[in-house]
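Structure first, commentary second.
Every read-out reported here was derived from the displayed coordinates using simple, explicitly stated rules and does not represent laboratory data. On a predicted model such as this, the values are computed, not experimentally measured, just so you know. Cβ sites come from the backbone with ideal geometry, for glycine too, and all protein chains shown count toward neighbours.
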Amino acid sequence: MSWPAALLALLVSHVVGDVLLQTEGQAVGKARGLGDRVGRWALVRHVSVYTLAFVPALVWIASETSAARALIVGALVAVPHLIIDDGRLVRAWVREVKRVPRPAPALVVAVDQSFHLLCLLGAALVAAA
């Protein structure tokens with residue numbers, strides 16, 4: 001398995017899980033973060049559904065490498081997604097690195113998706129190793 005092929009499979013899974021399957025309730029609720037009961041519940045539901053969208057890619061990775069590698073890749077997909085979607089890292093990055101005190105929502109989404117893409121690239125490299 002090549003890393004570009006793994007990355008493509010992970011990117012398609014990401015779009016399915018993060019755009020097509022995410023409900024409005026999950027999107028609004030998760031913005032409250034892990035520190036809030038409602039936010040935590042929305043994040044857990046979203047990350048669970050999001051990770052299910054990766055099952056076909058993970059089955060393929062397991063068939064090309066091993067079940068253990070697929071489980072590692074699955075963890076490399078789910079755990080960073082939870083951390084990123086909690087929002088604190090993204091808000092801190094926008095505030096401290098980009099130095100934007102009141103960012104437009106589109107900038108926050110762009111930073112959020114940039115972090116997701118970097119994580120998926122890392123997961124694809126692990127899948128192909």
task = Taking amide H positions as placed in the peptide plane 1.01 Å from N, state which residues far from Q22 in sequence (5 or more) or on other chains have amide H under 5 Å from it.
result = none
message = Between helix 67-86 and the chain, what is the angle of the helix's C-alpha long axis to the longest principal axis, kept within 0 to 90° and rounded to the nearest 10?
response = 10
key: Estimated 222 nm signal from helices in the chain, with DSSP H stretches of n ≥ 4 weighted -39500 (n - 2.57), rounded to 500   = -23500 deg cm²/dmol
ask   = With point charges of +1 on the Cβ of Lys and Arg and -1 on the Cβ of Asp and Glu, referenced to the Cα centre of the chain, which listed residue (A127, G35, T23) lies farthest in the positive direction of the dipole?
value = G35
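So between A75 and W60, what do we pick up on full extension, going 0.36 nm a residue minus the alpha carbon distance?
3.8 nm
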request  = In whole angstrom, note down how far apart the Cα centers of the stretch 14-51 and the stretch 91-129 are.
outcome  = 17
key: 0 to 90° range, to nearest 10: angle between helix 3-15 axis and the chain longest Cα axis   = 50
task = Compute the long axis of helix 55-64 from its Cα atoms, compare it with the longest principal axis of the Cα atoms of the chain, and write down the angle in degrees, 0 to 90, nearest 10.
result = 40
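To the nearest 20 Debye, how big is the dipole of the stretch 57-106 about its Cα centre, given +1 on the beta carbon of each Lys and Arg and -1 on that of each Asp and Glu?
400
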key: Cβ charges +1 (Lys, Arg) and -1 (Asp, Glu), total dipole of the chain, debye   = 500
Stretch gain in nm, segment W3-V38, where the contour uses 0.36 nm per residue and the Cα spacing is subtracted = 8.9 nm
Leading residue at positive end of dipole, the stretch 57-103 (Cβ point charges), from A67, V77, A57 = V77
query = Summing Lys, Arg as +1 and Asp, Glu as -1, what charge do residues with Cβ under 11 Å from the Cβ of H116 carry, H116 excluded?
reply = -3
